[in-house]
Amino acid sequence: PMNDIILAIETSCDETSAAVVRGGKHILSNVVSSQIEIHERYGGVVPEIASRKHVESITLIIEQAVKESGLSLRDLSAIAVTQGPGLVGALLVGIVAAKSLSMALDIPLIGTHHIAGHIYANELEHNIVYPCMALVVSGGHTELVRMESEGEFQVVGRTRDDAVGEAYDKVARALRLPYPGGPHIDKLAIEAENTIVLPRAWLETDSYDFSFSGLKSAVLAVINQHRMKSLALDEAALARGFQESVTEVLVTKALRAVRHYGAKQLLLCGGVAANRGLRKALAAKCDAEKIPLLVPSHALCTDNAAMIGAAAYLKLKRSQFTDLDMKGDPGFSL
Ligand code: KG4
Ligand code: ZN
């Protein structure tokens, strides 16, 4: 299977992507078409529009991925596709394309978990060593996933309300920053000269769960107070206070989980892994505790199909294929 070629498709949210990956490690092509510009004017992803845009571009994106790989459809060993979680109508577009290819080429279909993809993005650039701990932070997810061995996932902590990226986007929206707001808040926070200190949600002492909605409300309260009294607000200081609160909780819980479960590595992944404050704080802590920290490069942190190809490879090695009557599953479990 080391030379097995997987064509992977990802359409769970607002990126239409197809990639060709060899042996779960080597990216031969990874084409990503983002719909951000379309959703930007609505301040968030509109599911119905996302599905329609996926339909418009999926065939072209697949064709381009195959072309850029320098291979032909006949060279493929399997078709992988994100089965969930995600927007059901968006998932469906990738799934229908994947099923058609699987049927026409008579090669296996591999339904893949989106979070497994984010985690295994690390395998495309690094070598994962087990047991390890993954901190998955994106617009839809905030999870601490323990992996005792390859492909074995145990969610030990998750958000009880908003995902980190979601909280970033909502705070950014309140500050009238463009969507997606994460990078804008990050920039404000880094350049800030002051800090408006905000609460940290630690939850129960032994819990690895997260909560960000209280923090988000605290930010909105500060903004409203200033607007009501027509006071000037130091937005950068607020962004920094928010980022510091988020980062401190994420870093502290991730490292506690690493120690508790004896993980040999910490893997950071998902769109929010691009956050400079988080990366810096995690790197410093991991360095002090001599724990290797793995982070994919920016393009592999955000949604892309190569990561789905990397995760699907684990199933291919074990001949865990998916029936053609498979359905997209918004609540798909790891
Ligand atoms: O993984 P991703 O591309 O899509 C999901 O699966 O959700 O993550 C997108 C999220 C958005 O919420 C975006 O605001 C956030 O990642 N993000 C950031 C940064 N860059 C992207 N959040 C904080 N700081 C950043 N630099
Ligand atoms: Zn994602």
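Values quoted throughout were computed directly from the atomic coordinates according to the rules given, and no laboratory measurement underlies them. Everything numeric here is computed off the predicted structure, so don't read it as measured data. Cβ sites come from the backbone with ideal geometry, for glycine too, and all protein chains shown count toward neighbours.
Modelled spin-label separation between Asp75 and Val155, with each label point placed 7 Å from Cα along the Cα-to-Cβ direction: 3.7 nm. Per residue, the chain reaches -14000 deg cm²/dmol at 222 nm when only DSSP H runs of four or more residues are counted, each adding -39500 (n - 2.57).
Separation of the alpha carbons by more than 18 angstrom is noted, of Lys53/Lys315; Lys253/Lys280; Lys264/Lys290, for Lys53/Lys315.
3J(HN,Hα) couplings calculated from phi for the stretch 194-199 with the Karplus curve 6.51 cos²θ - 1.76 cosθ + 1.60 (θ = phi - 60°) are, in sequence order, 10, 10, 8, 6, 10, x Hz; Gly and Pro show x.
Sorting 232-244, 144-156, 74-86 by their mean Cβ neighbour count within 10 Å, with the most densely packed peptide first, gives 74-86, 232-244, 144-156. Comparing Val197, Val129, Val171 in a Gaussian network model of the chain, where Cα atoms under 10 Å apart are tied by springs, the biggest mean-square fluctuation is seen for Val197. With each label modelled as a point 7 angstrom along the Cα→C-beta vector, the His226-Asn194 pair spans 0.9 nm.
Ranking Asn304, Ser213, Gly23 by how far each Cα lies toward the positive end of the dipole of the chain (charges on Cβ) leaves Ser213 at the top.
For the chain, the relative contact order works out to 25 percent when only alpha carbon pairs closer than 8 Å and six or more residues apart are counted. Across the stretch 281-296, computed HN-Hα scalar couplings (Karplus, 6.51 cos²θ - 1.76 cosθ + 1.60, θ = phi - 60°) run 5, 5, 4, 5, 5, 5, 4, 5, 9, 6, 10, x, 10, 10, 9, x Hz from first to last residue, x flagging Gly and Pro. Once divided by 2.2 N^0.38 Å, the Cα radius of gyration of the stretch 34-160 becomes 1.21.
Please list, by residue number, everything in the stretch 108-148 whose backbone N is under 20 Å from a paramagnetic label point 7 Å out along Cα→Cβ of Ser297. Counting only backbone N, you get 117-128. Across the stretch 129-295, the volume of the C-alpha convex hull divided among the residues equals 104 Å³ per residue. What the Cβ-Cβ distance of Glu56 and Trp202 gives, at R0 = 56 Å and to the nearest 0.05, is a FRET efficiency of 0.80. If the chain linking Lys187 and Tyr130 were pulled fully straight, counting 0.36 nm for each residue of separation and taking away their Cα-Cα distance, it would gain 17.1 nm. Under the simplified labelling scheme, the Asp4-Lys264 pair shows an inter-label distance of 2.3 nm, with each label point 7 Å from Cα along Cα→Cβ.
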